[in-house]
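Engineer: Here it is, the structure in full.
The values are calculated or read from the model by the stated rules, or taken from the named source; none is laboratory data. Note that the structure is a prediction, hence the values are computed from the model and not measured. Cβ placement follows ideal geometry from the backbone for every residue including glycine, while neighbour counts extend to all protein chains displayed.
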Protein chains: 2
Amino acid sequence: MGFSNQPVNSMSGNLILENDIAAAAKVDRFNVNGVSCDVRNKGDDRLDLCMVHSISSCTAAGVFTKNDVQAAPVSISRQLLAKGDTFHGFVCNSGNANACTGEQGLRDAEAMSLEASRQANAPARSFLVCSTGRIGEFLPMDRIVPGIQKCAGMLDSLPESGERAAQAILTSDTRPKGCLAKWEMEGEELTIGGFAKGAGMIEPNMATMLAFLLTSVNIKQGLLQEVLADAVENSFNRITIDGDMSTNDTVLLLANGISENPISEKTPQALEDFREALGRTCLDLAEKVVADGERITKVVRVEVEGASSDADAQKVGRCIGNSLLVKSSWYGADPNWGRLVHAAGYARVGLKMEKVDLYYQDVPALLAGTPQTKNRTAWKAVVSKGRFTIRLNLNLGIGSCTILSTDLTEGYVDFNKSE
Amino acid sequence: MGFSNQPVNSMSGNLILENDIAAAAKVDRFNVNGVSCDVRNKGDDRLDLCMVHSISSCTAAGVFTKNDVQAAPVSISRQLLAKGDTFHGFVCNSGNANACTGEQGLRDAEAMSLEASRQANAPARSFLVCSTGRIGEFLPMDRIVPGIQKCAGMLDSLPESGERAAQAILTSDTRPKGCLAKWEMEGEELTIGGFAKGAGMIEPNMATMLAFLLTSVNIKQGLLQEVLADAVENSFNRITIDGDMSTNDTVLLLANGISENPISEKTPQALEDFREALGRTCLDLAEKVVADGERITKVVRVEVEGASSDADAQKVGRCIGNSLLVKSSWYGADPNWGRLVHAAGYARVGLKMEKVDLYYQDVPALLAGTPQTKNRTAWKAVVSKGRFTIRLNLNLGIGSCTILSTDLTEGYVDFNKSE
């Protein structure tokens, strides 16, 4: 489960997280599938369109990119969420982002939603819509509409259909990413099934990040939105720069409410358990997104503590996690604490060098700003690993934040030098 | 002269800028040189210590890094400038940054200043001090002090001494960088001689940037500081992220006042001419720093206009100029307007896609947000060049800013993966 290995103290109901790329198919009364409709017009059979359909009507929540430039499906899904009460699913294509496509793009995104609703025999406008892929080209609706028709005819809850759905949203990802969470509430098993796509280098991330979450929880829309926003803030937003999101970034959550036990502020423990389960699911998917970053070789957890505020800690973590020099040194397995401190210093949060403690895993590199050079061999051993933690204590206050980052490789540059 | 090819309209005295790495030796009554004192203890004869000595006492101004972590020589030079009235020069070593070196580092920086003053027969504390190179190691004072003694004995105004000084401050730069500005005032020739070092990828820059400027101008300290701050803001600060400076970044300006014509607010044209000359000198050096970025293959001028404010334009320019995906696409000569717009959008200045005009040199790529795909071949031709300009008009207001950036290459990552 990557880095999320801390015990869930608050949990009353034995949370189990399973690494399951077919997770979406395993939540009761959701049917899913993925098909190929050749969005990119390459004549291949790459899976590039997926649908999720809920037999029961769902409450829905969404978190979207904050980029000034928003892709058409983001605008349409926002509108649908703002106007609609209940939803029955979503449709998502890969290969074309439907971004920077003007009025035509908005019409196409709306047409995808309408066609998916119609083909699933669901009310009009009850399907949300996402796209990811190339920017600035119109969607090939002559292939996407038949794709929706085909996919709608194949919706079921077989594990292979869940896998196909998780596969169909990918772009430069090397593997599908899924997570199934299960926990108990009053003797009933509740579930969240999630799948996601990432790639790009995540920080600074302009590659689209998509995550889809399905749950059996019974909860009102306003509270669902709040719980989702918190979960995203502490997971997907810890792997990407604020304001640095792509035109298409989207996290959608559908709750079909088939659970017999409604969750609300009046059931604080159940609500807390759901928060925990959703938070852990999002964190698991976020970690999988980082770990599959384009051509990366290392995943690094940057823990900043002792800042004057959580916001300050986040600034420091992002400066470190986004520094090209720091990322390059990780790639070279160079435990370069000088570059780390450099990067922390330009966050400009009043860092005092003489107070800084820095650890590679548990090995001190700096204590009160003084290099612990006797540990040099131990630092090198840590930074040579594929996953490690760097902990920086500013000793200024109680603010903290954890950022997940990666190294920067020659392969990344090569991969991105042309489309 | 790189990109600074606009006519200097305000100039009354025929400004001439010369590309001259020996420029420091060509300003009257300054003596300079550079020596090898094996700062890195590698037994090589790399030039790594330089001194500049003014026979006359100088007014001095300085602009320093805003990083929370400031190297010892930055602290000491700041203190000297705050306390002192007149100065006689500076001393600078490369190979060791004297950063993150605590109390010992401060003592060493002060000792460098004192030793340089003494050896030049100048008043105590009349030499400013800089260092650049590796972080976190104490200066080898047993080699630096003899280096200062040696250099002080070789100070003169021969061109080769100017070249050696410019060479001695370099780290991963591939070549020395100098600029000589000359203009006339009341029949008298005034000069500014400057030299600089850069390297690193500049954006995000953690590599030390140093620039030294010497002039014959006769001007009071407060005004000198103001003119320098303006010049730096529009040159060196246009190639580096705000707050993203290294622990050692320093720009120093010494004015020996031998000119017979004092410059002040009471001589507005002469003051304006000096502003122009200093601004152009700094811009020229800044461009040379960018063009010598580590392993870059392209220099890109990003002109943002039509923003609601200059500050907004700067945010957009920096987002574009620092985007790894944009920089990688420049490297691959891929005219990827989608990534550019993406990056502009996450500056979050209220960009409206339907208003955006984007040009590669003079070739429109987007007009009112609509791709001009008929020009695709022409875009590709522009982005294939080693130097080109990208112009983005947001059509929201009159704010503008120009940022100089570079591509991101596999070579950069390889170069920085270990020290």
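Engineer: What's the number of the only condition in (1) at pLDDT 90 or above; (2) farther than 18 Å from residue A:136 by Cα; (3) touching an Asp or Glu at 6+ places or on another chain (Cβ under 9 Å); (4) more than 10 Å from chain A (Cβ to nearest Cβ) that residue B:364 fails to meet?
Structural biologist: Residue B:364 satisfies every listed condition except (2).
Engineer: Can you tell me which residue among B:266, B:315 is among the basic types (Lys, Arg) and under 22 Å from the mean Cα position of the chain (by Cα)?
Structural biologist: Criteria check complete, one pass: B:315.
Engineer: Let me ask you something else. Just need a number here: residues in the range A:66-96 that are surrounded by fewer than 24 Cβ atoms within 10 Å (Cβ to Cβ) and β-branched (Val, Ile, Thr).
Structural biologist: 1
Engineer: Just need a number here: residues in the range A:341-363 that are aromatic (Phe, Trp, Tyr) and either closer than 18 Å to residue B:105 by Cβ or touching a Phe, Trp or Tyr at 6+ places or on another chain (Cβ under 6 Å) (or both).
Structural biologist: The qualifying residues number 1.
Engineer: Considering only the range A:108-138, how many residues are within 24 Å of the chain's Cα centre (by Cα), hydrophobic (A, V, I, L, M, F, W, C) and closer than 25 Å to residue B:335 by Cβ?
Structural biologist: Looking only at that region, the number is 1.
Engineer: Quickly run through the range A:342-357 and pick out the residues that are of a type in the set (Lys, Arg) and within 7 Å of chain B (Cβ to nearest Cβ).
Structural biologist: Correct list: A:348 only.
Engineer: Further question: Can you tell me how many residues within the range A:44-100 are away from chain B (no Cβ under 14 Å), over 18 Å from the mean Cα position of the chain (by Cα), in a strand (DSSP E or B) and among the polar types (S, T, N, Q)?
Structural biologist: Qualifying residue count, the range A:44-100: 4.
Engineer: While we're on this one: Please list, ordered by first then second residue, the pairs with beta carbon atoms under 9 Å, 6 or more apart or interchain, first in the range A:170-184 and touching a residue at least 24 places away in the same chain (Cβ under 8 Å) and closer than 13 Å to residue A:294 by Cα, second crowded, with 18+ Cβ neighbours inside 10 Å and among the β-branched types (Val, Ile, Thr).
Structural biologist: Pairs found: A:170/A:132; A:171/A:132; A:171/A:208; A:173/A:289; A:175/A:21.
Engineer: Looking at (1) in a helix (DSSP H, G or I); (2) closer than 29 Å to residue B:344 by Cβ; (3) at pLDDT 95 or above, can you tell me which one residue A:103 breaks?
Structural biologist: Condition (3) is where residue A:103 drops out.
Engineer: Now for a different question. Look at the range B:297-341 and say how many of its residues are assigned to a helix (DSSP H, G or I), within 7 Å of chain A (Cβ to nearest Cβ), over 16 Å from residue B:376 (Cα atoms) and small (Gly, Ala, Ser).
Structural biologist: So the answer is 1.
Engineer: Being more than 19 Å from the chain's Cα centre (by Cα), in a loop (DSSP other than H, G, I, E, B) and over 19 Å from residue A:55 (Cβ atoms) is the filter here, so list the residues in the range A:14-34 that pass it.
Structural biologist: Correct list: A:14, A:15.
Engineer: Among the residues of the range B:114-124, is any in contact (Cβ under 8 Å) with a residue 24 or more places away in the chain, out of contact with any helix residue (DSSP H, G or I) (no Cβ under 6 Å at 6 or more places or on another chain), in a helix (DSSP H, G or I) and over 28 Å from residue A:342 (Cβ atoms)?
Structural biologist: Checked the range B:114-124: at least one residue is in contact (Cβ under 8 Å) with a residue 24 or more places away in the chain, out of contact with any helix residue (DSSP H, G or I) (no Cβ under 6 Å at 6 or more places or on another chain), in a helix (DSSP H, G or I) and over 28 Å from residue A:342 (Cβ atoms).
Conditions (1) surrounded by fewer than 19 Cβ atoms within 10 Å (Cβ to Cβ); (2) within 30 Å of the chain's Cα centre (by Cα), marked per residue:
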| position | (1), (2) |
| --- | --- |
| A:310 | yes, yes |
| A:319 | no, yes |
| A:350 | yes, no |
| A:353 | no, no |
| A:365 | no, no |
| A:368 | yes, no |
| A:389 | yes, yes |
| A:394 | no, yes |
| A:403 | no, yes |
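Engineer: Which of the residues spanning the range A:344-377 are free of Cβ contacts under 8 Å to residues at least 12 places away in the same chain and farther than 19 Å from residue A:400 by Cβ?
Structural biologist: Passing the criteria: A:370, A:372, A:373, A:374, A:377.
Engineer: While we're here: Could you grab me the full set of residues in the range A:152-193 that are surrounded by 21 or more Cβ atoms within 10 Å (Cβ to Cβ), among the acidic types (Asp, Glu) and part of a helix (DSSP H, G or I)?
Structural biologist: Answer for the range A:152-193, where residues must be surrounded by 21 or more Cβ atoms within 10 Å (Cβ to Cβ), among the acidic types (Asp, Glu) and part of a helix (DSSP H, G or I): just A:163.
Engineer: Can you pull out the residues in the range B:366-388 that are within 17 Å of residue B:298 (Cβ to Cβ) and among the hydrophobic types (A, V, I, L, M, F, W, C)?
Structural biologist: The answer is B:379, B:381, B:382, B:383, B:388.
Engineer: Can you tell me which residue among B:224, B:228 is at pLDDT 95 or above, in contact with a Ser or Thr (Cβ under 6 Å, 6 or more places away or on another chain) and not in a strand (DSSP E or B)?
Structural biologist: One residue alone meets the criteria, B:224.
Engineer: Answer yes or no as to whether residue A:171 is at pLDDT below 95 and of a type in the set (Val, Ile, Thr).
Structural biologist: yes
Engineer: Please give the number of the condition residue B:399 fails out of (1) modelled with pLDDT under 90; (2) away from chain A (no Cβ under 12 Å); (3) more than 23 Å from the chain's Cα centre (by Cα).
Structural biologist: (1)
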